[in-house]
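Read the figures in this text as sums done on the coordinates, not as results from a lab. None of these values were measured; they are calculated from a predicted model. Here the Cβ positions follow ideal geometry from the backbone for every residue, glycine too, while neighbour counts run over all protein chains shown.
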Amino acid sequence: MPGYTVNLYVVARISIDVEADNQTDAIAVATENSAPQKYPLEYADEILSATVDEEGDHEYKNSKHYVATPGGWLADAIGTTYVVTCDNCQTEIVVGHAHWSSLVCTNEVCKCEIPNPKGEC
């Protein structure tokens, strides 16, 4: 049986008492000071999404992101990883999603711009 690492993305609530001139300023103050280790977390009964990595897949080429729906888990294209090959130097680059306009090649010598072949961004 294959092994998997599953990362669950859950809703958590951090209650922070702050002083501010108005509600939006209070949000700003709270978000500046919301380091989770400083405050107790209360988890909601909701899982938003999950990323699944396959055991032994150290390049994460088979990793997939899923979104929780009322009907079950739906594969999310935004969380899917893609491998893009530079036409100039053949360097393979792992991209976290298909919605990018262009990339810069990671090869230190090449550094060329790689446009998205699908025109998605």
When the Kirkwood radius is taken over all Cα pairs of the range 1-79, what Stokes-Einstein diffusion coefficient follows at 20 °C and 1.002 mPa s, in µm²/s? 139 µm²/s
Using θ = phi - 60° and the Karplus form 6.51 cos²θ - 1.76 cosθ + 1.60, what ³J(HN,Hα) does each residue of the range 5-19 get, whole Hz, x for Gly and Pro? 10, 10, 9, 8, 9, 10, 8, 10, 10, 10, 9, 10, 8, 9, 10
Give me the dipole magnitude in Debye, nearest 20, for the range 1-79 about the Cα centre, with unit charges on the beta carbon: positive for Lys and Arg, negative for Asp and Glu. 220 debye
